Every structure is written in structure tokens, then in C-alpha cells.
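Data first, discussion second: the structure below is written as C-alpha cells.
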Amino acid sequence: MKYDMTYGGLTAAPCTKIQGFVPLGPSGETIPATLINGAVEGRTVLISSGIHGSEYPGILTAMELARELTPEQINGQLILLHPVNTAAFYERRSYINPVVGENLNRLYPGSPNGSMAEQVAWYMGEEYHKRVDFVIDLHGGDIHEALLPYVYVPGIGDPEVLRTSMEAALLLNACYLVRSSSTTGFYNSCAIGGTPALLVERGSRGQWSREEVDAYKKDVRNLLIHLGLLEGTVTQPAKKARMLTNVVYLDANASGCWLPDVALDDHVKKGQRLGVITDFFGNVLEEIYADFDSIIVYLAVSLGIQKGDPLITYGI
């Protein structure tokens, strides 16, 4: 027997779709959500987008899928959040949710007794990821970020959860796969808590194109077929993504002007200078060098950089 589904105060009866605004924990903020309770039983899948409010291809992908998909097409239940960081979306802010004042994706699993932002992260886990069977978290290059399409898969958790996450990740059209050993981040928190999950990156520099959104939608629909929510035949990616097993994430150690010496997807040699941070007078504050032969997979492209900001990612 099919039952009602209720998340964030919204309820979708069997074989119905409902859209509305749901609370973002104790922040007082509300965010747009779509619940689709399918025609027959099946898995429950969460698609989250816009945890960072200026990563537009993923946000628009979730918005359009929320409009296009119908209960008659769905086997199981589908939840779409589009976007999570509505306040940053309106203010065209990178990373930070201006209401809670922090980067939500660095705070999971959060705490019911922590800061407002930590309480929001905890609420997201309790209301969503602990109650679903799979999480697809859609991201992209923020206003000052350049990147190629790649997928993060969790590296910490129950082996079966990690295997299920990897099986899905291998179906995506991406240049790279990165197995993460982090314990923060929404998708990592999901996997550690027992829910298979992955994070998809597509798009750069706070921009979106119809081609990117259509490619994103094609990938997500393929995942929904793989997970049994949509009928159809699973398609394999046109080119197998390269697995990066040794990845370095560098943050700025000084505030100033970031002058990279390399470009996205460059192959660099051990000891090669990757870039430099100077002050406003051109004095060198920090030089960045590669620890090993590798590929540039992420690059901050803003001239201005603050201490602690993500700067460059390379791996092999």
C-alpha cells in the first residue's frame, strides 16, 4: 500500500506532486521544495541543489526536473530542494549563507545545540538524508571558480554504502572521479550516516548554459533510471571518468592578489610553481608549488583572495 510522504511540513499523497516552501531549520529561512510521490513503491531519493547559492547549472537542473517529472513517471518517492541556499542565491553570494553567516557545506553533520548554521546542518540530516535511500547533491563552479565536470564520492562509511555510491558515480559523464576522505560536506555526512550519496560538479564561474543544464539533466535522469525511480535503459558515459586517488586541496595562507601560473586541466610537474599571492604593491606573500606530477582540476580565478579561501586543487 502506498502512503503519504511528508518532508518539511509538505505532504504529497500517493501519486501526487506538491510544491512549496519548507523551513531551513531554525534560521527562519524557507526554501523551495518539490515532493513527488510516485505511482508505485520504490526507493526515496533526495536531489539537493544550491547549497552554494551561485552554482547555477545544478540549481536550474533541479528546478526544471521538479517541473518536468510527474508522479506517473516515478517509482518510489522523489524530493527536490531547489535551491537550499536561497538567501545567497538572491544576493549572488559565494559559499556563505548570509542568514546563518557560514558555509553550510563545511558544517555537516551539525549539532542541535550548536550555532544557528550548525543547527541548520543538523536539521537537514534529520529531516532529509536520514530518511531517504540515496542523495544526489548538485554543485558547480561558484562565481570565482573554474572546474571541469567531476564527481565526488564518499570514502568513509559502510562498505556497501560506498559501493552503492560508486556504482552510481560511474554512470555520470564526468572528466574525473574523486574519492573523498572528508567527514564534512552534505554528501559525506550522508554516507557516514548510512545513506549512499554523491556530489556532482558541473559549470564554472557562476555561469550557466543551456548545454550544461541539459547535460546535467540527462545525467540525473540516468541516475534515476539506475536507482529504479524512472523506467528506461541505463546508459554508460561516453568516456570513462578518470579516478584521482591522490588529491591536494590548497587554501590561501594569506589575503591578497592571486596570480595563477597554470590553467584548468593543465598537467604539471613536481616542484612546478602553480601560482603566487602578492600584496597590493606586488610583494610576494605566498608561492604555491606542486608536490607531485598531477592535473589541475580546480582553480580560483578571482584576483582577490582571502586567507582560508580555496585556491587550487590538483591530483593524479
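Results, tabulated for the structure shown:
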read-out: Förster radius 45 Å - calculated FRET efficiency between residue 263 and residue 167 (Cβ-Cβ, nearest 0.05); value: 0.85
read-out: Sparse-neighbourhood loop sites, trypsin sites (Lys or Arg not before Pro) in segment 228-316 - DSSP loop, at most 15 other Cβ within 10 angstrom; value: 239, 240, 269, 270, 307
read-out: Distant-in-sequence amide H partners of residue 54 (H built 1.01 Å from N, under 5 Å); value: 95
read-out: Of 225, 267, 185, farthest towards positive along the dipole that unit charges on Lys, Arg, Asp, Glu beta carbons give the chain; value: 225
read-out: 1.4 Å probe accessible area per residue over the chain, in Å²; value: 42 Å²
read-out: When each of 17/240; 217/239; 2/218 is checked by Cα-Cα distance, pairs over 24 Å; value: 17/240; 2/218
read-out: In order through segment 161-172: 3J(HN,Hα) via Karplus (6.51 cos²θ - 1.76 cosθ + 1.60), integer Hz, x for Gly, Pro; value: 5, 5, 5, 5, 5, 5, 4, 5, 4, 5, 8, 8
read-out: Using a Förster distance of 45 Å, the FRET efficiency for residue 289-residue 67 (Cβ separation, nearest 0.05); value: 0.40
read-out: For segment 231-244, 3J(HN,Hα) per residue [Karplus equation, 6.51 cos²θ - 1.76 cosθ + 1.60, θ = phi - 60°, Hz, x = Gly/Pro]; value: 7, x, 10, 5, 9, 7, x, 4, 9, 5, 5, 7, 7, 9
read-out: Relative packing of 119-127, 105-113, 194-202, which averages over residues the other C-beta atoms within 10 Å, highest first; value: 194-202, 119-127, 105-113
read-out: Amide H within-cut-off set for residue 29, under 5 Å, with H built and near neighbours excluded; value: 24
read-out: Using θ = phi - 60° and Karplus 6.51 cos²θ - 1.76 cosθ + 1.60, couplings along segment 282-288 (whole Hz; Gly, Pro as x); value: x, 6, 6, 9, 7, 10, 10
read-out: Rounded accessible area of residue 131 (nearest 10 Å², 1.4 Å probe); value: 100 Å²
read-out: For the chain, size of Cβ-based charge dipole, Lys and Arg +1, Asp and Glu -1, in debye; value: 460 debye
read-out: Extension reserve of the residue 111-residue 158 stretch, reckoned as 0.36 nm per residue once the Cα distance is removed; value: 14.7 nm
read-out: Cα centroid separation - segment 237-270 against segment 1-78, whole Å; value: 34 Å
read-out: Alpha-carbon gyration tensor eigenvalues x 5, square-rooted, for segment 1-137, Å; value: 26, 16, 11
read-out: Percent accessible area from carbon and sulfur atoms, the chain, protein chains only, probe 1.4 Å; value: 53 percent
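The values are calculated or read from the model by the stated rules, or taken from the named source; none is laboratory data. In this text the structure is predicted, and so the values were computed from the model without any measurement. Note that each Cβ is placed from the backbone with ideal geometry, even for glycine, and that neighbours are counted across all protein chains shown. Areas reflect the complete protein model, heavy atoms only, side chains present, ligands, DNA and RNA absent. Shrake-Rupley method; radii C 1.70, N 1.55, O 1.52, S 1.80 Å.
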